[in-house]
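Each remark here refers to the structure printed beneath this line.
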Amino acid sequence: MELFFCPELINGIVELDDNEARHARVLRKRAGDTILLIDGKGHRAEAVVVELSQRQVLLQVNEIEFFEKKSPKLILAVSPLKNPDRFEWLVEKCTESGVDTIVPIVCERTEAILKKTERLQRIIRSATTQSLQYYMPELALPSTYADFFKQYKAETNLIAWCDDAKKTTLLAALPAGSNAAILIGPEGDFTKAEFELALSNGFEAISMGENRLRTETAAVFASQAFYLINS
């Protein structure tokens with residue numbers, strides 16, 4: 001069954017916003033149909049369509065369930081990209097993999113400022129419902145690289161690094177059941193100073209294989225690996 005997003009789930013009558021209402025019309029929902037609503041915070045509710053018109057879509061919610069998220073959490077810190085379409089693709093696919101927090105980090109070699117955050121939020125919402133998840137990841141405010149270490153830390157802390165250094169493979173560095181933070185650099189990678197700052201904050205250098213990956217590919221690879229290890 002399709003999931004629809006409703007940020008404020010209450011017992012009683014709720015109204016779908018314009019995007020979700022449009023989706024309901026495309027799917028040819030009718031009065032009397034039952035659909036599933038989520039709020040992105042672990043709540044799910046069955047709801048019956050009581051009115052569907054071009055003006056509004058109203059639903060009757062009778063029972064709300066809460067699903068606790070038991071799997072470990074992934075914080076993915078990644079530099080915004082010069083091509084916004086690629087960053088949007090990154091956000092969509094990492095959401096589908098179940099990432100918990102995406103932190104845009106501004107590095108020395110970052111070439112673009114993150115824009116259209118409202119559009120990114122819509123992409124996250126759509127990817128969450130499409131992948132049948134009850135939890136929507138947080139898109140954090142952009143952070144400077146140095147400030148990231150002051151705000152975020154996990155049990156397992158990893159930095160993807162392309163240049164020569166002692167590195168562990170990603171799969172070997174990700175223990176099952178452990179919350180993790182993974183740093184992915186911009187197109188030109190982290191600088192040596194940024195890499196050393198991460199090491200001094202307890203991060204371990206990782207390799208994602210012999211092939212050099214684009215930033216967006218590396219981010220998706222990391223989030224999918226985390227998901228599979230903890231499935």
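A residue that is over 24 Å from Leu139 (Cβ atoms), buried (at least 16 other Cβ atoms within 10 Å of the Cβ), under 25 Å from the mean Cα position of the chain (by Cα) and not assigned by TED's automatic domain parsing to the domain that holds Met136 occurs nowhere in segment 52-59.
Go through the residues of segment 45-65 one by one and say whether even a single one is closer than 22 Å to Ser97 by Cβ and out of contact with any helix residue (DSSP H, G or I) (no Cβ under 7 Å at 6 or more places or on another chain). For segment 45-65, residues closer than 22 Å to Ser97 by Cβ and out of contact with any helix residue (DSSP H, G or I) (no Cβ under 7 Å at 6 or more places or on another chain): absent.
Look at segment 129-151: where a residue is farther than 30 Å from Ala24 by Cα and a partner is loosely packed, with under 14 Cβ neighbours inside 10 Å, sitting 6+ places away or on another chain with Cβ atoms under 8 Å, you get Pro142/Ile113; Ser143/Gln151; Tyr145/Glu108.
Listed here are the residues, each with its yes/no results for (1) closer than 24 Å to Ser231 by Cβ; (2) of a type in the set (Gly, Ala, Ser); (3) part of a strand (DSSP E or B).
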{"position": "Phe87", "(1), (2), (3)": "no, no, no"}
{"position": "Leu90", "(1), (2), (3)": "yes, no, no"}
{"position": "Ser126", "(1), (2), (3)": "yes, yes, no"}
{"position": "Lys153", "(1), (2), (3)": "no, no, no"}
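What do you reckon, is Lys192 farther than 26 Å from Glu96 by Cβ, in contact with a strand residue (DSSP E or B) (Cβ under 8 Å, 6 or more places away or on another chain) and of a type in the set (D, E, K, R)? For Lys192, the condition - farther than 26 Å from Glu96 by Cβ, in contact with a strand residue (DSSP E or B) (Cβ under 8 Å, 6 or more places away or on another chain) and of a type in the set (D, E, K, R) - is not met. Among the residues making up segment 11-51, those that are within 16 Å of Phe67 (Cα to Cα) and either free of Cβ contacts under 8 Å to residues at least 60 places away in the same chain or over 25 Å from the mean Cα position of the chain (by Cα) (or both) are Leu36, Leu37, Asp39, Ala45, Glu46. Is it the case, given these coordinates, that Ala173 is on the phi < 0 side of the Ramachandran plot, without any contact (Cβ under 8 Å) to a residue 40 or more places away in the chain and touching a Pro at 6+ places or on another chain (Cβ under 8 Å)? Taking the combined requirement at face value, the residue does not satisfy it.
Scanning segment 207-231 for residues that are of a type in the set (Ser, Thr, Tyr), surrounded by 16 or more Cβ atoms within 10 Å (Cβ to Cβ) and out of contact with any Lys or Arg (no Cβ under 9 Å at 6 or more places or on another chain), which turns out farthest from Trp89 (Cα to Cα)? That would be Tyr227. I want to confirm something. Restricting to segment 187-206 and keeping residues that are under 23 Å from the mean Cα position of the chain (by Cα) and at pLDDT 95 or above, which single residue is surrounded by the most Cβ atoms within 10 Å (Cβ to Cβ)? My answer is Phe190.
The values are calculated or read from the model by the stated rules, or taken from the named source; none is laboratory data. Please read these numbers as outputs of a predicted model, since none were measured by experiment. Here Cβ is always computed from backbone atoms with ideal geometry, including for glycine, and neighbour counts include all displayed protein chains.
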